[in-house]
Amino acid sequence: GKDMSGFVLDFSSYQLVVLDYNGDSWPEETNRRFLEYVQNGGGVVIYHAADNAFSKWPEFNRICALGGWEGRNENSGPYVYWKDGKLVKDSSAGPGGSHGRQHEYVLNGRDKVHPVVKGLPLKWRHAKDELYDRMRGPGNIRDILYTAYSDKETNGSGREEPLVFTVDYGNARIFHTMLGHAGATTEDNIAMQCTGFQVLLLRGAEWAATGKVTQKVPKDFPTETTCSYRKDYKEN
């Protein structure tokens, strides 16, 4: 709601841009510079509600692959979800983006070899969080890393939803995670205290910046049945 004309950034000197933004449109010059950065092979992390932003900007929606809210509908692209061992693109009419009540849920691995997830469990229990569902967009997913079941009992979609993936966008390395809702206080930030969330975000960021992951899998990583927390947001 304020003047954004002075928000002009030079992205060219960076290896990685982490997007945690959902607000007013950027100035056209910043849009141009950001697209130039990405199209030249820059690293990008799309974090949680950042995929809600800029619903009318086609190239940004391709950079995210999937998004929600902000008026997204069938004109934004198909619903994308996991069914029978593959991603399905569903062009049914309807709004893009929803979630049921926050709850713990199990992440289901769909890739064993990508550097971001290599060595991580195929199933691990994520702390209480939003589970984004009915997301839609161009659907240009390159590597699907984790999905999770959005249970109708939690007011979810009843589908296996893609939550962590890389995006097929030229030479850019784009890591998109829908995990990690932030509340107003530390006590509300349970999802961000999850060891699995933190490790995955850090590994995804390193990969997006460098194409490699050097971080070891920590001993306190969650299991399929047990959450793990780092409430002080620091490594043990």
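Hey, does region 51-58 have a residue that's open to solvent by less than 60 Å² (accessible area, probe 1.4 Å), over 30 Å from TRP124 (Cβ atoms), out of contact with any Asp or Glu (no Cβ under 9 Å at 6 or more places or on another chain) and not basic (Lys, Arg)?
Taking every residue of region 51-58 in turn, at least one turns out to be open to solvent by less than 60 Å² (accessible area, probe 1.4 Å), over 30 Å from TRP124 (Cβ atoms), out of contact with any Asp or Glu (no Cβ under 9 Å at 6 or more places or on another chain) and not basic (Lys, Arg).
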What number of residues within region 1-19 satisfy the criterion of being within 16 Å of GLU206 (Cβ to Cβ) and either open to solvent by less than 80 Å² (accessible area, probe 1.4 Å) or aromatic (Phe, Trp, Tyr) (or both)? 3
How about region 178-200: which of its residues are farther than 15 Å from ILE46 by Cβ, in a helix (DSSP H, G or I) and touching a residue at least 60 places away in the same chain (Cβ under 8 Å)? ILE190, ALA191, GLN193, GLY196, VAL199
Region 99-128, residues that are over 20 Å from ARG142 (Cβ atoms), among the basic types (Lys, Arg) and surrounded by 12 or more Cβ atoms within 10 Å (Cβ to Cβ): LYS123, ARG125, LYS128
Which condition from (1) farther than 21 Å from GLU104 by Cα; (2) out of contact with any Lys or Arg (no Cβ under 6 Å at 6 or more places or on another chain); (3) buried (at least 18 other Cβ atoms within 10 Å of the Cβ) is the one that ASN171 breaks? (3)
State which residue is surrounded by the most Cβ atoms within 10 Å (Cβ to Cβ) when the search covers only region 159-168 and only residues that are within 17 Å of the chain's Cα centre (by Cα) and under 13 Å from TYR81 (Cα atoms). PHE165
How many residues are in a helix (DSSP H, G or I), in contact (Cβ under 8 Å) with a residue 40 or more places away in the chain and under 13 Å from ILE174 (Cα atoms) when one looks only at region 28-61? 4
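Given the criterion closer than 30 Å to ARG32 by Cβ, in a loop (DSSP other than H, G, I, E, B) and open to solvent by less than 30 Å² (accessible area, probe 1.4 Å), identify the matching residue among GLY156, GLY96.
GLY96
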Which condition does GLY196 not pass, out of (1) within 26 Å of ASN61 (Cβ to Cβ); (2) open to solvent by less than 10 Å² (accessible area, probe 1.4 Å), if it passes all the others? (1)
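The values are calculated or read from the model by the stated rules, or taken from the named source; none is laboratory data. In this text, all values refer to a predicted model and were calculated from it rather than measured experimentally. Neighbour counts are summed over all protein chains in view; Cβ atoms, including those assigned to glycine, are modelled from backbone coordinates with ideal geometry. Heavy atoms of the whole protein, side chains included, go into the accessibility calculation; ligands, DNA and RNA do not. Shrake-Rupley method; radii C 1.70, N 1.55, O 1.52, S 1.80 Å.
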